Structure formats: structure tokens, C-alpha cells
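Below is one structure, written out as C-alpha cells, with a few remarks after it.
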Amino acid sequence: MQIDILTLFPSMFGGPLTESILKRAQEKRLLSLRLHDIRNYATDKHRTTDDTPYGGGGGMVMMPGPLIDAVEAVRGPDRAVPVILLTPQGRVFTQRVAQGLAQHSRLVLVCGRYEGVDERVRQTVITDEISIGDYVLTGGELAAMVLVDAVARLIPGVLGARWAADEDSHAMGLLEYPHYTRPPEIRGLRVPDVLLEGDHAAVERWRRWEAIRRTWRRRPDLLLSAELSAAEQWFLADLAEQDAPMLL
Ligand code: 6GU
């Protein structure tokens, strides 16, 4: 997958995208990330990319000219490539949205800044708008990094087979079960016996039930769309009698 990122602050992207799994994905040519400085598409000698809003009021607006030119130059002639504006006004990013984006061979990400972008950028070159949650960041750059990380790890081969993405929290519709490694006891806290006994079916059942328990306590909203067996639904009914969710 090739992801082109248009930003006024390309140097912000250094750390997160050049370490660990994303670094390996690029070395293996499974992922190609290209950063583009929107300022290179400005046309005046000061390389201006923002201007005051028509109608007055505070803040600055990203100018349409440089941004439309930048998108068209980077995207090329293929109008089927998604051009995604990162903005708090977009649809909310979820694991399901990440799975959809991971099906594409190219993405163009546009990082909004200031009070926003001139509306005509949306009307000409933007095909999708995404927000990473209901809070306001100073710009779309951090959101773009979150999106790239979540999408890149879904590309086949990016995670090793032993780390397959299909058992993730959210991919399963449940939060993950508790994890343990050695030692078997620390500060008086013991690893649950079932994990030490080598009965794989019992381990799987325990993990599934603990995932349901944790989801009930922390994110009961997720259980509305989780797929539970009849036995698991009984377990959940039991839980609901014993404890209340921590939230809501
Ligand atoms: Cl995509 N941009 C900004 N500026 N703030 C956000 C966001 C995006 N998603 C959540 N908050």
C-alpha cells in the first residue's frame, strides 16, 4: 500500500512511522509512506498557505489554491484513489473503518490545520473525511499517524502470523482477555491455575469468558453487536446479576 500524506509539518512524522513494525513494513515494501509539504505548492514569494476568513472572525483558513494543486499533483490522474481529510468534522475512525481503508492500494491523507480548510477543497478533491474521536487536536497530523498505524498493521504480512490482527480487541467485537507471563506468582498475585494446566480447550474458554467479563465492565456498549454463543449469553446474564459496568 502507498500512503501519501500532505501536511504543513512533515517533520512531525519522524518518530512514529519510522520505528518498529511500521519501519519493518516499509523495509519489506509492504508499505510506502510519502510525505509532501503543502508549502511547496504555494505560489507567492512568502510561500503562504493560509489566509483570514471571509466574513471576519478569528483564526486562519487553509487556502484552496495550494491545497488543491498539491492533492492533484500527488494523487495523479486516478480519481478512484481515496483522498481523506483529517478533521474533527469527519466520520469517526473505528476498527471497521480501518479494515475498509486497508483494502485500498493507495490512500492520500490531507492534514487540516488552523480553523479548517476552504470549503472548496472539500468540493473538488476530498472524497472522505475522518476524525479520530470527539476531542480537538491542533491539527490532523497526529490523527493521520493514528490512521496509518491502525491501517498498516492490517496489511497482510505486516504483523507476523503469530500476531495476526484477527484476534484484536475490537476486531472480535470484545476487549481482550487478561494476559500473564512468568513468574507464576509476584507480590502474592498468582497466575490463574487454568493457564498453567495445559488444557487448551479450557484456556480458550477461560479467555473468551474473561473477554466478555472485561467488556461488560468497561465497554458494555460493545456487547450490543458482539456475537455470543448461547452459553456465552448465559454467562453474560450471570455477570449482569453480579456486577454493574464501571462506566455509564
Ligand atoms: Cl482528524 N483533527 C483534529 N484537528 N482534531 C481531531 C481530529 C482530527 N480527530 C479528533 N480530533
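The values are calculated or read from the model by the stated rules, or taken from the named source; none is laboratory data. Bear in mind the structure is a predicted one, so any value in this text is a computation, not a measurement. We place every Cβ from the backbone using ideal geometry, glycine too, and count neighbours over all the protein chains shown.
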Which one of the conditions (1) small (Gly, Ala, Ser); (2) touching a helix residue (DSSP H, G or I) at 6+ places or on another chain (Cβ under 8 Å); (3) more than 15 Å from the ligand (Cβ to nearest atom) does residue 80 fail to meet, given that it meets all the rest?
(2)
Criterion first (among the charged types (D, E, K, R) and either in a loop (DSSP other than H, G, I, E, B) or loosely packed, with under 11 Cβ neighbours inside 10 Å (or both)) does residue 197 satisfy it?
yes
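If you check 61, 81, 71, which single one turns out to be surrounded by 11 or more Cβ atoms within 10 Å (Cβ to Cβ) and in contact with a Gly (Cβ under 7 Å, 6 or more places away or on another chain)?
61
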How many residues are crowded, with 18+ Cβ neighbours inside 10 Å, near the ligand (Cβ under 8 Å from one of its atoms) and part of a loop (DSSP other than H, G, I, E, B) if we restrict to the stretch 126-136?
1
Do we find a residue being of a type in the set (Val, Ile, Thr), assigned to a loop (DSSP other than H, G, I, E, B) and within 12 Å of the ligand (Cβ to nearest atom) anywhere in the stretch 137-144?
yes
Out of 182, 106, 113, which single residue is away from the ligand (no atom under 13 Å from the Cβ) and touching a residue at least 60 places away in the same chain (Cβ under 8 Å)?
106
Can you find a residue that is without any contact (Cβ under 8 Å) to a residue 60 or more places away in the chain, in contact with a helix residue (DSSP H, G or I) (Cβ under 7 Å, 6 or more places away or on another chain), in a strand (DSSP E or B) and not polar (S, T, N, Q) anywhere in the stretch 16-34?
no
Tally time: how many residues in the stretch 1-34 are surrounded by fewer than 18 Cβ atoms within 10 Å (Cβ to Cβ) and in contact with a Ser or Thr (Cβ under 8 Å, 6 or more places away or on another chain)?
2
Matching residues, the stretch 125-147, being within 15 Å of residue 38 (Cβ to Cβ) and either outside the structural domain of residue 75 (by TED's automatic domain parsing) or over 14 Å from the mean Cα position of the chain (by Cα) (or both):
125, 126, 139
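Table: residues versus (1) exposed (fewer than 13 other Cβ atoms within 10 Å of the Cβ); (2) within 33 Å of the chain's Cα centre (by Cα).
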residue: 172; (1), (2): no, yes
residue: 190; (1), (2): yes, no
residue: 217; (1), (2): no, yes
residue: 221; (1), (2): yes, yes
Would you call residue 106 basic (Lys, Arg), out of contact with any Asp or Glu (no Cβ under 9 Å at 6 or more places or on another chain) and either under 30 Å from residue 7 (Cβ atoms) or not assigned by TED's automatic domain parsing to the domain that holds residue 68 (or both)?
no
